[in-house]
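So the structure is just underneath, and the comments pick up after that.
The values are calculated or read from the model by the stated rules, or taken from the named source; none is laboratory data. The structure displayed is predicted, hence computed values, not measured ones. Backbone-built Cβ (ideal geometry, glycine too); neighbour counts: all protein chains shown. Please note that ligands, DNA and RNA were not included when accessible areas were found on the heavy atoms of the full protein model with its side chains. Shrake-Rupley method; radii C 1.70, N 1.55, O 1.52, S 1.80 Å.
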Amino acid sequence: MKKFLLPLLALVVGASLVSCDEQPRIYGAEPLEISSLRQWERVHRPTIYDFFEKEVYGRMPEKQVPIRYELLSEGEALGGKAVRREVAMHIEGMATPVPILMYIPAAAEGAVPAFLGMNFKGNHQINPDPEITISVNAPKGEELGSDPERGAATSRWPLELLMDNGYALVTIYRGDVDPDFDDGFQNGVHPLFYAEGQSSPAAEEWGTIGAWAWSLSRVMDYLETDKDIDAERVAVIGHSRLGKTSLWAGATDPRFAIVISNDSGCGGAALSMRKHGETVEAINKNFPHWFCDNYNKYSNNEEALMVDQQGLLALIAPRPLYVASAVEDDWADPEGEYLSALYASPVYELYGKKGLASPMPAVDSPMMEGDVAYHIRKGGHDINLYDWTQYVKFADKYFK
Ligand code: GTR
């Protein structure tokens with residue numbers, strides 16, 4: 001008799017576990033109150049992940065293309081504070097390699113943690129360092145990329161701060177992966193993945209943000225082989241459209257140990273259903289190549305979204321997340337960015353992590369006691385020393 005009892009018990013327990021699984025639902029722009037971690041991981045997370053893949057950023061290809069990494073140059077930089085390294089990422093089929101630019105603290109003993117982020121205007125614009133190779137794809141006429149000047153974006157990349165605090169910086173130029181204009185996906189990485197006869201991504205396949213995020217993962221593949229970088233301590237960071245990119249990279253690749261979104265706004269951290277500042281319609285109209293085709297369904301139809309952008313942030317849990325805004329950046333809806341991080345917080349709490357506190361903090365009063373951090377600083381749409389100072393502090397909590 002006894003020997004029948006045990007399997008019977010297992011059957012009953014098993015059945016009740018299955019039957020109490022919550023069903024996926026329309027989440028809207030609400031706090032993600034899920035009854036258990038198990039429900040989150042088994043039901044809600046996969047559903048929400050699937051939604052962002054098929055309806056927002058588009059699915060990345062399953063197919064792999066051969067990628068080879070080649071050391072291009074190495075030398076002392078920043079008056080001896082850093083080692084500058086350039087590594088070419090040769091993606092088979094691409095006309096030009098993607099140069100990875102790295103600054104590694106010279107004083108480091110052993111592998112260091114790093115910040116990895118894409119730049120807007122070309123590697124040579126992040127610092128006046130005359131040894132940085134000029135990005136060949138930083139063309140005239142491309143939006144924001146027309147200025148060939150060395151060091152033009154120095155204020156966005158505080159290398160001294162990073163070196164002094166023991167962090168490496170790793171960056172690539174967005175235009176080397178997928179140029180930031182709508183050409184029907186004929187240039188950049190997309191064509192490498194077309195099936196026979198295909199000439200543009202299907203409605204649920206990746207747009208430009210998806211391609212950029214994918215490329216950050218390919219940089220991560222390289223970092224895992226670089227003995228000077230501790231690949232388990234890499235924070236992915238981005239500003240604005242590249243903040244949308246860092247969030248999607250963080251959601252799709254769990255190797256990013258910290259995820260940082262600076263002024264990412266619509267299609268990034270901000271809630272879309274508030275329709276404050278940039279709307280889904282505006283972003284799809286002005287940047288038709290950023291998202292997948294399916295995202296057009298939500299132009300002027302935000303209520304139809306299964307979940308708002310808090311769902312994207314929750315996909316990053318339990319890894320530390322930092323969302324930041326700027327007071328004058330109303331187009332990116334600071335309050336919507338804050339609320340989104342707040343509404344993702346219950347998922348962090350399921351993992352025993354500390355979510356974001358309420359109410360929204362005052363200007364220049366970063367909230368980083370928990371694992372979901374937020375600040376709103378004075379000034380406009382930009383990433384500056386103030387922002388980076390907070391990100392270094394936050395990273396120190398986990399990486400030091
Ligand atoms: C704006 C766009 C935003 C933001 C920004 C940027 O024009 O409306 O979504 O991404 O560009 O990337 O600087």
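Some observations on this one:
- Number of residues in the stretch 62-78 that are within 30 Å of Thr252 (Cβ to Cβ) and part of a strand (DSSP E or B) equals 6.
- Out of Leu356, Leu313, sole residue that is of a type outside the set (Val, Ile, Thr), out of contact with any Lys or Arg (no Cβ under 6 Å at 6 or more places or on another chain), open to solvent by 10 Å² or more (accessible area, probe 1.4 Å) and farther than 25 Å from Phe181 by Cα: Leu356
- Among the residues of the stretch 202-215, those that are away from the ligand (no atom under 16 Å from the Cβ) and open to solvent by less than 20 Å² (accessible area, probe 1.4 Å) comprise Trp206, Trp214, Ser215.
- The set of residues from the stretch 284-300 being of a type in the set (Phe, Trp, Tyr) and either modelled with pLDDT under 95 or near the ligand (Cβ under 10 Å from one of its atoms) (or both) comprises Phe287, Trp290.
- Failed item, numbered, when Ala317 is tested on (1) out of contact with any helix residue (DSSP H, G or I) (no Cβ under 7 Å at 6 or more places or on another chain); (2) in a loop (DSSP other than H, G, I, E, B); (3) within 30 Å of Asp164 (Cα to Cα); (4) more than 16 Å from the ligand (Cβ to nearest atom): (1)
- Among the residues listed as Glu335, Glu349, the single one being over 20 Å from Ser240 (Cβ atoms) and either at pLDDT below 95 or of a type in the set (D, E, K, R) (or both): Glu349
- Residue check for Lys227: open to solvent by 10 Å² or more (accessible area, probe 1.4 Å), out of contact with any helix residue (DSSP H, G or I) (no Cβ under 8 Å at 6 or more places or on another chain) and closer than 28 Å to Tyr69 by Cβ: yes
- Answer from Glu281, Glu232, Glu303 - the residue that is away from the ligand (no atom under 15 Å from the Cβ), open to solvent by 30 Å² or more (accessible area, probe 1.4 Å) and farther than 25 Å from Met368 by Cβ: Glu303
- Candidate set from the stretch 237-264 (those that are part of a loop (DSSP other than H, G, I, E, B) and within 15 Å of the ligand (Cβ to nearest atom)); member that is most open to solvent (accessible area, probe 1.4 Å): Ser240
- The one condition in (1) charged (D, E, K, R); (2) within 14 Å of the ligand (Cβ to nearest atom); (3) in contact with a strand residue (DSSP E or B) (Cβ under 7 Å, 6 or more places away or on another chain) that Asp308 fails to fulfil: (2)
- Selection status of Asp387, open to solvent by 40 Å² or more (accessible area, probe 1.4 Å), farther than 29 Å from Pro46 by Cα and charged (D, E, K, R): no
- With respect to the conditions (1) within 20 Å of the chain's Cα centre (by Cα); (2) under 17 Å from Phe394 (Cα atoms), Arg377 lacks only one, and its number is (1).
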